[in-house]
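Undergrad: One structure follows; several queries about it will come next.
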Amino acid sequence: VLVFLALIPGAVLAKDSIVLGFSQVGAESEWRTANTQSIKEAATQEGITLKFSDAQQKQENQIKAIRSFIAQRVNVIAFSPVVETGWEPVLREAKAARIPVILTDRAVSVKDESLWLSFLGSDFVEEGRRAAKWLVGYAPIQELAAKGEVNIVELQGTVGSAPAIDRKKGFEEVLKDQPKFKIIRSQTGDFTRAKGKEVMEAFLKAEGKKINVLYAHNDDMAIGAIQAIEEAGLKPGKDVIIVSIDAVKGAFEAMIAGKLNCTVECNPQLGPQLMRLVKDVVAGKQVPRRIVTQESVFPQESAAREFPNRKY
Ligand code: GZL
């Protein structure tokens, strides 16, 4: 039988290797594509058979993918939930099938905590706090605040997603002690460049030169907004101070061009840690309930020096 199996490419590997079903949000941003690359590369590196599905940012596609992983009897299911709610039914099916579930990147909101084993990802509230702390400490903004109000427009991430909810929460937590800082407009740009540009155009039409600051929940929306600001005849990074989150390559290029003022790192390279977690789970080892990724803040003045070291 072994000889027969050895003749089928991958069969022996499939027979011996761990099978991981991974449901990915989509391919909406530079961050997401870097995250996918990290997961695929790490699975190959670790000899784990990866069944990968891209949900195009639709929850129903993620639920379908998880159901299919259950039907295929994978060893472990991991996913980045596009939104926080609506997961109980399918996670109960995974539990009934005795397939452990690992959350990566984004969290779910479920009553039954036994529906998932471990959550590996960033602290989005802290990322929001870091963005606001940088803004409040930025000298040109301090000068503005000394003379009057600082008017902020906010491009939120996907409605109902953990990063959008928590980045808003962390940012507002710091600003509650800063009465001069006002969020005058806030709307979702769904984490994409196209939507970020479209919503920023609407903000500019409504508020024009009153806008002092843009806070974008990710760099892709900030990059889209930069185009809108330029098309409105204003200087991004000068007339409108911009702080965003992810620290992808596009953000460093925009900072080096003087069009973005700060990006807060959100590390997408979760692949290696995820594969180690998967192996530990299959080996029956105890795993941490929460693993927070380590991250930094990159203001414009550090961009040129840091850029050559960036991996995503
Ligand atoms: C954050 C991740 C977010 C990124 C966006 O961990 O969920 O989704 O900030 C991505 O770029 O679309």
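The values are calculated or read from the model by the stated rules, or taken from the named source; none is laboratory data. For clarity, every value in this text was computed on a predicted model and none was experimentally measured. Neighbour counts run over all protein chains shown; Cβ positions are idealised from the backbone, glycine included.
Undergrad: Regarding Gly250, is this residue surrounded by 17 or more Cβ atoms within 10 Å (Cβ to Cβ) and within 14 Å of the ligand (Cβ to nearest atom)? Let's see the steps before the verdict.
TA: Working: surrounded by 17 or more Cβ atoms within 10 Å (Cβ to Cβ): yes; within 14 Å of the ligand (Cβ to nearest atom): yes.
When the stated conditions are applied, Gly250 passes them.
Undergrad: Here is a list: Ile256, Ile229, Ile245, Ile211. Which entry is in contact with a Cys (Cβ under 7 Å, 6 or more places away or on another chain) and of a type outside the set (Lys, Arg)? Lay out the reasoning, then the answer.
TA: Details: Ile256 fails: in contact with a Cys (Cβ under 7 Å, 6 or more places away or on another chain); Ile229 fails: in contact with a Cys (Cβ under 7 Å, 6 or more places away or on another chain); Ile211 fails: in contact with a Cys (Cβ under 7 Å, 6 or more places away or on another chain).
The conditions single out Ile245.
Undergrad: What is the number of the single condition among (1) assigned to a helix (DSSP H, G or I); (2) aliphatic (A, V, I, L, M); (3) more than 15 Å from the chain's Cα centre (by Cα) that Leu260 does not meet?
TA: Result: Leu260 fails condition (1) only.
Undergrad: Report every pair of residues separated by at least 6 positions or lying on different chains whose Cβ atoms are under 9 Å apart, first residue within region 141-170 and closer than 13 Å to Ile245 by Cβ, second away from the ligand (no atom under 16 Å from the Cβ) and part of a helix (DSSP H, G or I).
TA: Leu155/Met200; Leu155/Phe203; Gly170/Ala132
Undergrad: I would also like to ask the following. Does any residue of region 101-118 turn out to be of a type in the set (Phe, Trp, Tyr) and within 12 Å of the ligand (Cβ to nearest atom)?
TA: To start, the set of residues in region 101-118 that are of a type in the set (Phe, Trp, Tyr) comprises 116.
Restricting the remaining residues to those that are within 12 Å of the ligand (Cβ to nearest atom) gives none.
No; the residues of region 101-118 include none that is of a type in the set (Phe, Trp, Tyr) and within 12 Å of the ligand (Cβ to nearest atom).
Undergrad: Given (1) touching a Lys or Arg at 6+ places or on another chain (Cβ under 9 Å); (2) without any contact (Cβ under 8 Å) to a residue 24 or more places away in the chain, where does Ile211 come up short, assuming only one miss?
TA: (2)
Undergrad: Which one of these is out of contact with any strand residue (DSSP E or B) (no Cβ under 8 Å at 6 or more places or on another chain) and either part of a loop (DSSP other than H, G, I, E, B) or modelled with pLDDT under 95 (or both): Gly170, Gly160? Walk me through it before giving the result.
TA: Details: Gly170 fails: either part of a loop (DSSP other than H, G, I, E, B) or modelled with pLDDT under 95 (or both).
Residue meeting the stated conditions: Gly160.
Undergrad: Specify the residue that is farthest from the ligand (Cβ to nearest atom); the eligible residues are those in region 119-134 that are assigned to a helix (DSSP H, G or I) and farther than 10 Å from Leu175 by Cα.
TA: By that ranking, first place goes to Trp134.
Undergrad: For region 258-312, give me each residue that is surrounded by 17 or more Cβ atoms within 10 Å (Cβ to Cβ), within 25 Å of Gln24 (Cα to Cα), touching a Phe, Trp or Tyr at 6+ places or on another chain (Cβ under 6 Å) and of a type outside the set (S, T, N, Q).
TA: Once the filter is applied, which keeps residues that are surrounded by 17 or more Cβ atoms within 10 Å (Cβ to Cβ), within 25 Å of Gln24 (Cα to Cα), touching a Phe, Trp or Tyr at 6+ places or on another chain (Cβ under 6 Å) and of a type outside the set (S, T, N, Q), region 258-312 yields only Pro268.
Undergrad: Taking region 274-305 on its own, how many of its residues are hydroxyl-bearing (Ser, Thr, Tyr) and over 19 Å from the mean Cα position of the chain (by Cα)? Quick ask: steps written out before the conclusion?
TA: So in region 274-305, the residues hydroxyl-bearing (Ser, Thr, Tyr) come out as 293, 296, 302.
With the extra rule that they be over 19 Å from the mean Cα position of the chain (by Cα), the set shrinks to 302.
Qualifying residue count, region 274-305: 1.
Undergrad: Note down all Cβ pairs under 9 Å where the first residue falls in region 53-64 and is more than 18 Å from Glu93 (Cα to Cα), the second is part of a loop (DSSP other than H, G, I, E, B) and small (Gly, Ala, Ser), and they're at least six residues apart or on different chains.
TA: Partner pairs satisfying both residue conditions: Asp54/Gly26; Asp54/Ala27; Ala55/Gly26; Gln56/Gly26; Gln56/Ala27; Gln57/Gly26; Gln57/Ala27; Lys58/Gly26.
Undergrad: Among the residues of region 155-174, which ones are farther than 18 Å from Ser109 by Cβ and buried (at least 22 other Cβ atoms within 10 Å of the Cβ)? Talk me through it step by step, then tell me what you get.
TA: The first filter runs over region 155-174 and keeps only residues farther than 18 Å from Ser109 by Cβ, leaving 155, 171-174.
Matches in region 155-174: Leu155, Phe171.
Undergrad: How many of the residues in region 175-213 are of a type outside the set (Lys, Arg), surrounded by fewer than 23 Cβ atoms within 10 Å (Cβ to Cβ) and part of a strand (DSSP E or B)?
TA: Qualifying residue count, region 175-213: 6.
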